[in-house]
Structures are given as structure tokens and as C-alpha cells.
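The structure appears right after this line, and notes come after that.
The values are calculated or read from the model by the stated rules, or taken from the named source; none is laboratory data. On a predicted model such as this, the values are computed, not experimentally measured, just so you know. All Cβ positions, glycine included, derive from the backbone under ideal geometry; neighbour counts span all protein chains shown. Ligands, DNA and RNA are excluded from the accessible area calculation, which covers all protein heavy atoms including side chains. Shrake-Rupley method; radii C 1.70, N 1.55, O 1.52, S 1.80 Å.
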Amino acid sequence: MAKKEIFDISMELNAETPEWPGDRPFEYSLSVTKEQSGSVNVGEIKSSTHMGTHIDAPFHYDDDGLKIEEMPLDVYLTSAQVVDVQELGEVGVENLPEPEEGVTAILLKSCSWSDRQQFPETWPVFSGAIAEWMKAKGIRLLGVDVPSVDQQHSKELPMHQSMNKHGRYILEGVVLDHIEPGVYQLAALPLKITGAEGSPVRAVLYR
Ligand SMILES: Nc1ccccc1C(=O)C[C@H](N)C(=O)O
Ligand SMILES: [Zn+2]
Ligand SMILES: [Zn+2]
């Protein structure tokens, strides 16, 4: 078998990673040094769960929704198609190609968040009709290269709600600038945090 080509599509997590405005920034520190313990360095992390490249559990926007440890894992380990949606202010079903055979995840490459040290001012609007389209095509996961599938100041969260209503799943904050449109294998598993409404993931594409 040929060597695997692995493309990292995750944001780095550090104190400079921009948090959702008002959320807790990411912080890692060594709480015990090897010198102190006599054996090992031990770290601790503090962070909003919606940090960098992460997935939403339905409990994020629905009190009765699934929590992160209840979510199916096959959604995040699958064939994924990267689709170019650059230069579009609004992304609708008409901008999406017929998915390739076997694909169950679509990753939208908008390239609208180029400086990952700053929270972006704007990003494309994603039409709620995409969720229905996904269901009809057997696509279970939508990945976006921006902080949210809805707009920053939205309270209704129409896209999140539409995705939930149609049983579709959300991956946010992937980095696709260096990825050619096409079909890859995706791995983007959440941490098994009991009761949580989201989790950072290490997202990679490979083939
Ligand atoms: N952390 C927040 C605080 C206030 C309002 C929204 C958020 C979000 O996380 C929104 C976005 N849907 C997200 O999943 O990252
Ligand atoms: Zn989120
Ligand atoms: Zn979200």
C-alpha cells in the first residue's frame, strides 16, 4: 500500500487562537514541572469548547439535543468532499455539485478566514436549504472553514436548527486554504467529555 498522504485541517490551539467573542480563551500551562514532581511535567487546559476546529453537539443549541459523548462517531470518520465556494456571499444548494459516490461529508472551502489570529468580521451566509439537500443526498456532516454555520449575531441560528431538524451534523473552523477540492478520507473525532455541548477536534484529511 502506498504511503498515506495526511493533510492537517485543524487550527492550532494556543493563547492567540481567537475565541468566540465573550468566550473563554484557550490557555495551556504546566501546572507541575518535572523539577517539582521529581518525575514528569503535567499540564492543564482551560478553554471554551467552541474553540478553533471543533464540532457542535445538538445540545449546544437545543436543551434536549444529544451531548457530545452520545454522538455517533462514524459521522466524523468517513469519505469527505471538499467543495469550492470561494467569493460567494451566500452559499446555497445551487452552488453545490452532485456529491461523489460514497461521500457522506461535505467541507465548504470559502477561504474567508485567512488570518486565524483574528476572529473574522464576516463570513458567508449558509442557506438552511443545504440541510434538506444533505438529507436527500445522504450527506451527514457539513464542515465550514469559518467559526459558525450561522452569522455571528444570530439568535435564531436558522442553519444550526435546520441541520438539527434534519439530523445533520456540524464541524466548524476547519482550515481548507491549502486543500484542493476533491474527495478524501476525513477523521475529526470529539473528546468524550461527559455532558458537553461541543469539543475541539483534530481534523485531518488523508488518502
Ligand atoms: N460560543 C458562543 C457564544 C455565544 C453565542 C454563540 C456561540 C457559538 O459558539 C456559536 C457558534 N455556533 C459555534 O458553534 O461556535
Ligand atoms: Zn461551535
Ligand atoms: Zn456552531
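Details
- The condition of being surrounded by fewer than 20 Cβ atoms within 10 Å (Cβ to Cβ), touching a strand residue (DSSP E or B) at 6+ places or on another chain (Cβ under 6 Å) and hydrophobic (A, V, I, L, M, F, W, C) does not hold for Ala136.
- Screening Leu176, Leu205, Leu171 for residues that are within 21 Å of Glu101 (Cβ to Cβ) and among the aliphatic types (A, V, I, L, M) leaves exactly one candidate, Leu205.
The rows are residues; the columns are (1) closer than 19 Å to Met159 by Cβ; (2) touching a residue at least 40 places away in the same chain (Cβ under 8 Å); (3) within 16 Å of ligand 3 (Cβ to nearest atom).
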site	(1), (2), (3)
Glu27	no, no, no
Leu30	no, no, no
His50	yes, yes, yes
Ile68	no, yes, yes
Ser79	no, yes, no
Gly89	yes, no, no
Arg116	no, yes, no
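- Subset of segment 1-12 [at pLDDT 95 or above, open to solvent by 70 Å² or more (accessible area, probe 1.4 Å) and assigned to a loop (DSSP other than H, G, I, E, B)]: Glu5, Glu12
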